[in-house]
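Enquirer: This is the structure I want to talk about, given as structure tokens.
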Amino acid sequence: MGVLNVTPDSFSDGGAFLRPADAVAHARRLVSQGAAIVDVGGESTRPGAEPVPADEELRRVTPVLEQIRDVPVSIDTSKAVVARRALELGAEMVNDVTALRADPELVDVVAEHGAYLCLMHMQGEPRSMQAAPRYEDVVSEVAAFLEERLAFVVEHGVREELVCLDPGFGFGKTVDHNLELIKRLDELVALGRPVLVALSRKSSLGKILGDPQATQGSVAASLAGAVAAYERGAWMLRTHDVRETVDALTIAAAVERGRLHV
Ligand code: HH2
């Protein structure tokens, strides 16, 4: 999954793709580099981010979606009105970092369109989530949350086979929480739905490398995280650096096979 942030303030690529022409070109670049789907977002959810009104989010993403109707798209939003517009413009997946808790109408939009859905775990909300994340056992709490949200959406008419789950790295989690979630990813895989992992460039990677003030991680660090997650059963990797991630995963998959060709 390639990341396309049409925002002025995303933590690693903020402002780079605000002009629709630049965003459209980047979406096509991500696909040419091997992305199976492009995750288009019009609201940053980085720690400390302020919410964006629906009309502004629509103003950012609509001109881009109109021009990439031939590209497989996931819409990264928590708002029913934005998801509906994106699905009308051909998006096939809704990726909601609130796991459908923010907007009570979103579950119906997903169910009506028969869209794929990603449910992500977050403790708290972006404005304050990194202040003091606390868990008794982060993995079992994330697993219980994702199970509950999966049951909720299925009850509301979303087909279970269209849903993937995401532990939400960095969303109300310390570096140790993130590391434990990768180490024990098999416990989330055991829930029976595909697991999406999004570690790309996140600040925990920079912190592990020794900078406690890091706001980003390097591409090399992201690739190591992607391979570690893949080896523990991750099904989709959300990344800003598609070419490098495809290369890394291609090698990891070949090693797992133990031969060049299947
Ligand atoms: N992380 C971000 C945004 N969307 N979606 C899922 N499913 N999982 C994630 O971990 C996730 C996500 C944050 O990364 P990014 O889009 O690069 O930054 P920003 O939120 O600042 O736009």
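The values are calculated or read from the model by the stated rules, or taken from the named source; none is laboratory data. Everything numeric in this text was worked out from a predicted model, so none of it was measured. Counting neighbours? That spans all protein chains shown, and the Cβs are built from the backbone with ideal geometry, glycine included. In case anyone asks, the SASA skips ligands and DNA or RNA and just uses the protein heavy atoms, side chains included. Shrake-Rupley method; radii C 1.70, N 1.55, O 1.52, S 1.80 Å.
Enquirer: Taking every pair of alpha-carbon atoms in segment 47-125, what share in percent sits in each 5 Å bin, from 0 to the bin with the longest distance?
Expert: Calculated P(r), rounded to whole percents: 3, 16, 28, 25, 18, 8, 2, 0.
Enquirer: So, one more: Let me know the charge dipole size of segment 179-250 about its Cα centre in debye, to the nearest 20, where only the beta-carbon of Lys, Arg (+1) and Asp, Glu (-1) is charged.
Expert: Result for segment 179-250 is approximately 180 debye, rounded to the nearest 20.
Enquirer: Under a 1.4 Å probe, what is the accessible area of segment 1-96 per residue, stated in Å²?
Expert: On the way: 3570 Å² over 96 residues.
That works out to 37 Å² per residue.
Enquirer: Still on this model: If we sort 249-261, 32-44 on the protection proxy, mean other Cβ atoms within 10 Å, highest first, what's the order?
Expert: Numbers: 249-261: 10.8, 32-44: 20.5.
The most tightly packed comes first, giving 32-44, 249-261.
Enquirer: Related question: Considering the options Val175, His121, Ala131, tell which one lies farthest towards the positive end of the dipole of segment 120-178, charges being +1 on Lys and Arg and -1 on Asp and Glu at the Cβ, about the Cα centre.
Expert: Positive-end residue among those listed: Ala131.
Enquirer: Name the residue from Ala83, Val163, Phe145 whose Cα lies farthest towards the positive end of the charge dipole of segment 78-197, charges +1 on Cβ of Lys and Arg and -1 on Cβ of Asp and Glu.
Expert: Most positive-ward Cα: Ala83.
Enquirer: Please work out how much accessible surface Lys79 shows to a 1.4 Å probe, ignoring ligands, DNA and RNA, in Å² rounded to 10.
Expert: Rounded to the nearest 10, the figure is 40 Å².
Enquirer: Given the chain, what whole percent of its Cα pairs are spread farther than 34 Å?
Expert: Details: 3776 of 34191 pairs.
That fraction is 11 percent.
Enquirer: Could you sort Phe17, Phe11, Phe169 by accessible area so the largest value comes first, with the probe set to 1.4 Å?
Expert: On the way: Phe17 30, Phe11 65, Phe169 5 Å².
Descending accessible area places them as Phe11, Phe17, Phe169.
Enquirer: What is the magnitude of the charge dipole of segment 1-82 about its Cα centre, with +1 placed on the Cβ of each Lys and Arg, -1 on the Cβ of each Asp and Glu, and no other charges, expressed in debye to the nearest 20?
Expert: On the way: 8 positive and 12 negative charges, 50 e Å.
Roughly 240 debye for segment 1-82.
Enquirer: Could you give the dipole magnitude of the chain about its Cα centre, charging the beta-carbon of Lys and Arg +1 and that of Asp and Glu -1, in debye to the nearest 20?
Expert: Here the size comes out at about 720 debye.
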